[in-house]
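Before any comments, here is the structure.
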Amino acid sequence: MNEKNYEDLCEKYVNYATKKGVEDVIALIEETNDMQVRFSNNDIDIINNWHSLNTSVYLSKDDKQIITELEGNESGKIENKIDEAIKKLSIIPKNENYGGIAKGEKKYRPYYYSKDIEDIQNLVDVVRAAINSALNEGAKSVAGTFYVYNTTRYLHSSAGPHGKDKSNAVTLSVRAFMNPESSGHWVSAQPQLSMLKPEEVGEKAAQIAKDYKNPKEGKEGIYDLILAPLFGGSLVSNLASMTSAFWAEAGQSIFSNKLNEKVAPDFVTMYDYADDNAISRRIFDDEGSPIKKTIWLDKGVYKTHLHNTTTAKKYNVETTSNAGLIDPSPFFTYVEPGDSSLEEMIAETKHGLYMVNTWYSRYTNMYTGEFSTIPRDAIFLIENGQIKESYKGIRVSDNISNMLKNINMLSKDRYQVEWWGEVEIPCTVPYMKINNVRITKSQ
Amino acid sequence: MNESILEHTINQALKHNPSFASVRGETHKLSHYLLKNGVIEAVSSSVESGYNVKMLLNGALSFSSTNIWSKEEAESIVSSATKQAKNTKRASKIDFGVEKGIKDAWKVEEKKALRNTDESEIIKRLEGIDKALSDLKLKIPGRIFSFGIDETEKIIMNSEGSIIKANYTKISLHSFITIMENNKSKQFYKMYGHTGGLEAFDEWHVEDDLKNECLVQKKIIYEGVSLEPGKYTIICGPEVAGITAHESSGHPMEADRILGRELSQAGGSFVTIDSIGNTIGSEYATVVDDPTIPNSYGYFKYDDEGTKAQKKYLYKNGKINEFLQNRESASKSSMKTNGSSRAESYDVEDIVRMSNTYIEPGDWSKEELIKEVKKGVYMKSFTEWNIDDKRFNQKYVAREAYLIVNGEIKQPLNRCVLEISTPNYWKSITASSKELEWSAATCGKGDPEQGVPVFTGGPTIRLEGVYLYE
């Protein structure tokens, strides 16, 4: 089926449901053609190819909502699913919070689709280049993933918005080992294939591993932390996920009751904007609202949650164009750069740790921010402005609200990162220095 | 499910003379209900249906999936998989060994069948839980209940002649609660899971369970005391025992992790491939992974490679005993698969996974364990937890913990943290109770990250001389 047919199908499903008395209908068809190479022990483990076609139809009548979704291309089935869903509406209670969907014709920026990603033939060469570069730098063992994403989305809403969006991206993640104790990790996430430098990613991961020599058991205490983009990206991804109004009002956020409050220093600004440089770029949200830039953290002040039309109405604001079919969510976070560098941060640190990456962030309380996360890959002890030795076996056990307040320096250089479940919401982040962070360790 | 498309796919794959090929088709009929603060925010009904081909060609592995059910598409995914396997040019060849083909079909009966259930009953159930908590007259500003049904049909075919058909349903309920009392907040998350029908809803006793959890959190807010950091005897409840079995025995005993295949994401293991027989803990350190437990959340009869499910002793009487294996890891480590290959859905490769992982019970009663403690802590359940990517340093923060003085449970603790290395943990266990209790969880691993349903479980256990802090 060609692309025009999918646009027509969306309109057809909307018309089908509206004729049956449904008031608000959104039909969304998404087609993806993704590929991935997984590698470890300096060789390729598997190459994955994924092709999928998904149709979602959102229906609202008498302030009752239901979503029906179907995979694949079996014609006629969606209409049956819509019929079933309409029938089900009768048993669903009214949602007093319902505020409708985006209305009217919308103008979108043209979508940006990278031809070089679409045309990529040999993923293996990219991976081999990264592995060989890391080995040449001295790594003994290299592991990672290389992803190619291609997504086309078609949307038609009974309230007016309709359009087509097409995007693609590549991400390369390389973890290099000198030995089982000494590893380095680096990622590159790019909107164009030509912007990806696999040799540099491999080299950087190996350099970190090489510098991380003979780590010894770290010590508990209070340290200033310098966080590389993977670690900082994980914190930012955690913070961004707390900006959704839907979840914030249920207590799953340190920002739940912090609107217009100072939560970070003046030089810290973060915003959501899935623009053309973002690997998760899009031109409209799931209601068909045009994507826009939403500064949620403005010079240290928490300005707004992220909204869809329904949550925006509740807060008496405009939608921030972050609709999913159920809840608003962040698409891509930018952290405004600072005026520093990694070298300056190290020089400014009297007693601190430089950490490359983290994983497994878990909360005791998402409302207050008590949490812990476990650094992985290189950890360097800094004393009086100089790297002294390598640490292992420690954990960051603190409060993410305090860490946000204690951001002390940001670098000029920024990096776009996305990695596995830890930097789930992609972001562009600088190196960060955060003061007075509690470190614990196992006994 | 269109079986002829699956047959066509495997036949197309066999034309390329792979050393191994498999096709897995899955249809998931999914229903989801989300109740937030008393309001039904979302009801969704979806059908996920697709298939994949996995091919081992020239010693290289490739995987291709689609949700387009047509012969042309089937040929297209085989062509992609073939091309990618040929492109790979591995230095060392992957091997899957040789297994006997199996033809079988299995299903899990639903005592209370979903097809006979009025869906409004599910909504009423969720509203009933919400009302039960509201009626407690506590400030509970965050009440989220998410109920999911996954009716699965699966067919696996492979180049050795296996054809295995499966039909089962998994149901799950997630709750996330925020309590605000006395200007303090407490949060907890609780999950319930089952393979079978809606009968589990009655067996879970969710209303009573969550009401009790809320009242406990209130008690901690008003009556909680501080814990002096130091070494204690700790009595860990089954929920805590279960998560430790999962995190610091199940995961490090996954052979693919040990062999490095997960190194860039889910990580490696402190265990090496020649660790079998090494001491890991005391005689009470016996951990089992068993997918054959009827109606358990991690139940399956055959894994996603078509190997019969079986009970495995990962740690046995303090020794490292048996790894979790699939065909690839088993062949690479010169061992046999033990049926541990699972995939979240048709669009991801099956990899080495746990099922229902638990510490084997002993012969004490819980009361006897507590009675013997002069100065200690009873950690009944946990909230925040994590472990490093070698599975060596683990941390569990108590959701509910009490001081024990002279054999009696005393005041609740505001906060209690167990942060301990894996060998220290397993060496410190000095007794375990007779009772075995389960908790449901979704285990994450792989890239793309896959969540598979599991049980964690255990008895009440005693650890001596363990450092705890607030």
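Please treat every number below as a calculation from the coordinates, not as lab data. In this text the structure is predicted, and so the values were computed from the model without any measurement. Positions of Cβ are backbone-derived with ideal geometry, glycine not excepted, and every protein chain shown enters the neighbour counts.
The figures follow:
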{"quantity": "Estimated distance in nm for a label pair at residue A:438 and residue B:116, the labels positioned 7 Å out from Cα along Cα-to-Cβ", "calculated": "5.4 nm"}
{"quantity": "Sequence-separation-based contact order of the stretch A:214-443, relative, with Cα cut under 8 Å and 6+ spacing, percent", "calculated": "31 percent"}
{"quantity": "Scattering curve values for the stretch A:20-118, log₁₀ I(q)/I(0), Debye with Cα scatterers, q = 0.11, 0.14, 0.21 Å⁻¹", "calculated": "-0.56, -0.76, -1.11"}
{"quantity": "For the stretch A:171-186, 3J(HN,Hα) per residue [Karplus equation, 6.51 cos²θ - 1.76 cosθ + 1.60, θ = phi - 60°, Hz, x = Gly/Pro]", "calculated": "9, 10, 10, 10, 10, 10, 10, 7, 7, x, 8, 10, 9, x, 9, 8"}
{"quantity": "In Hz, Karplus ³J(HN,Hα) per residue of the stretch B:400-405 (6.51, -1.76, 1.60; θ = phi - 60°; x = Gly, Pro)", "calculated": "9, 8, 9, 6, 10, 10"}
{"quantity": "Fewest-first ranking of A:123, B:138, using other Cβ atoms within 10 Å as the exposure measure", "calculated": "B:138, A:123"}
{"quantity": "Under 12 Å from the Cα of residue A:441 - aspartates and glutamates, other chains or at least 8 residues apart", "calculated": "A:217, A:220, B:388, B:419"}
{"quantity": "Volume of the Cα convex hull of the stretch B:317-470, divided per residue and given in Å³", "calculated": "130 Å³"}
{"quantity": "Computed [θ] at 222 nm, helices only, for chain B once each DSSP H run of length n ≥ 4 contributes -39500 (n - 2.57)", "calculated": "-6000 deg cm²/dmol"}
{"quantity": "Cα centroid of the stretch B:407-470 to Cα centroid of the stretch B:273-343, whole Å", "calculated": "20 Å"}
{"quantity": "Pairs beyond 26 Å (Cα-Cα), from A:87/B:107; B:218/B:395; B:154/B:308; B:170/B:301; A:262/A:412; A:81/B:445", "calculated": "A:87/B:107; A:81/B:445"}
{"quantity": "Residue exposure sequence - A:395, B:125 - by fewest surrounding Cβ within 10 Å", "calculated": "B:125, A:395"}
{"quantity": "Chain A, relative contact order in percent, only Cα pairs under 8 angstrom and at least six apart counted", "calculated": "16 percent"}
{"quantity": "Which listed pairs, of A:314/B:29; B:15/B:312; A:213/B:390, have C-alpha distances above 27 Å, in listed order", "calculated": "A:314/B:29; B:15/B:312"}
{"quantity": "Rg [Å, one decimal], Dmax [Å, integer] - the protein assembly as shown, C-alpha atoms", "calculated": "26.6, 76"}
{"quantity": "Gain in span if fully extended, residue A:136 to residue A:314, counting 0.36 nm per residue against the direct Cα distance", "calculated": "58.3 nm"}
{"quantity": "Chain A: calculated mean residue ellipticity at 222 nm from DSSP helix runs of at least 4, using -39500 (n - 2.57)", "calculated": "-6500 deg cm²/dmol"}
{"quantity": "Amide H contacts under 5 Å for residue A:23, placed H, 5+ residues apart", "calculated": "A:60, A:61, A:62"}
{"quantity": "Listed residues A:366, A:53, B:309: farthest to the positive end of the dipole of the protein assembly as shown (Cβ charges)", "calculated": "A:366"}
{"quantity": "Spread of Cα-to-Cα distances over 10 Å intervals beginning at zero, given as percent, for chain B", "calculated": "4, 19, 27, 25, 16, 7, 2, 0"}
{"quantity": "Reachable lysines, given that their alpha-carbon falls under 19 Å from the alpha-carbon of residue B:219 and they are not under 8 places away in the same chain", "calculated": "B:137, B:139, B:184, B:186, B:190, B:211, B:380, B:410"}
{"quantity": "Inter-chain shielding of A:83-91 (mean C-beta neighbours from other protein chains, 10 Å cut-off)", "calculated": "2"}
{"quantity": "Over the stretch B:3-222: Kirkwood hydrodynamic radius from C-alpha pairwise inverse distances, Å", "calculated": "20.6 Å"}
{"quantity": "Exercise: per-residue mean of other protein chain Cβ atoms within 10 Å, B:181-189", "calculated": "3"}
{"quantity": "Over chain B, relative contact order from alpha-carbon pairs under 8 Å, at least 6 apart, %", "calculated": "16 percent"}
{"quantity": "Relative frequency of Cα-Cα separations exceeding 20 Å in the stretch A:214-443, percent", "calculated": "58 percent"}
